[in-house]
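The values are calculated or read from the model by the stated rules, or taken from the named source; none is laboratory data. All values derive from a computational prediction rather than experimental measurement. FYI the Cβ positions are ideal-geometry reconstructions off the backbone, even for glycines, and counts take in every protein chain you see.
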Amino acid sequence: MRYYTFGNNLPNGSGNGDRWSDVRFWLTTLLVFWTFSAIGLGWLVNSFFILIGLITFVPVIAFFGLQWWIKRSIVTADCPVCDATFNASRASQFQCPNCGEPLQEQQNKFVRLTPPGTIDIDVQVVD
Ligand SMILES: [Zn+2]
């Protein structure tokens with residue numbers, strides 16, 4: 001018989017020990033599921049498990065999706081000015097890390113930016 005439970009972190013102090021709390025928790029869970037099933041709420045139980053599955057798998061899918069997205073949004077190509085190979089984001093404009101030329105991505109290649117005010121010039125660098 002123990003009346004002092006200093007090692008017990010549970011504040012409710014049931015005094016019956018952790019093991020019995022676990023058993024009671026699972027019994028309650030089972031009872032709740034059984035009750036739901038019995039009164040035709042099996043879909044609720046199913047959706048609960050689906051929810052658990054989603055909570056488990058969504059981060060994994062999100063992780064791989066993010067990797068795929070990063071791979072898709074990052075392009076590797078050569079600088080048209082100095083032929084340095086580097087990675088850059090598709091969405092934005094950037095500078096060549098080697099020569100500092102302002103560039104942007106176009107059809108998986110890096111092209112020089114058309115200076116603002118210049119109209120209708122498709123930049124093709126010819127050495
Ligand atoms: Zn360059």
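Against the definition (modelled with pLDDT under 90, among the acidic types (Asp, Glu) and out of contact with any Pro (no Cβ under 6 Å at 6 or more places or on another chain)), how does Asp78 come out, yes or no?
Values: modelled with pLDDT under 90: no; among the acidic types (Asp, Glu): yes; out of contact with any Pro (no Cβ under 6 Å at 6 or more places or on another chain): yes.
No, not satisfied.
Okay, residues lined up against (1) within 14 Å of Ser73 (Cα to Cα); (2) at pLDDT 90 or above; (3) near the ligand (Cβ under 9 Å from one of its atoms):
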residue: Thr85; (1), (2), (3): no, yes, no
residue: Ser89; (1), (2), (3): yes, no, no
residue: Pro97; (1), (2), (3): no, yes, yes
residue: Leu103; (1), (2), (3): no, yes, yes
residue: Gln106; (1), (2), (3): yes, no, no
residue: Pro115; (1), (2), (3): no, no, no
residue: Thr118; (1), (2), (3): no, no, no
residue: Ile121; (1), (2), (3): no, no, no
residue: Val126; (1), (2), (3): no, no, no
Elements of type strands (runs of 3 or more DSSP E) in region 11-115, at least 1 residues being over 28 Å from the mean Cα position of the chain (by Cα) and touching a residue at least 12 places away in the same chain (Cβ under 8 Å): 74-78, 102-106, 109-112
Lone unmet requirement of (1) surrounded by 12 or more Cβ atoms within 10 Å (Cβ to Cβ); (2) at pLDDT below 90 for Arg24: (2)
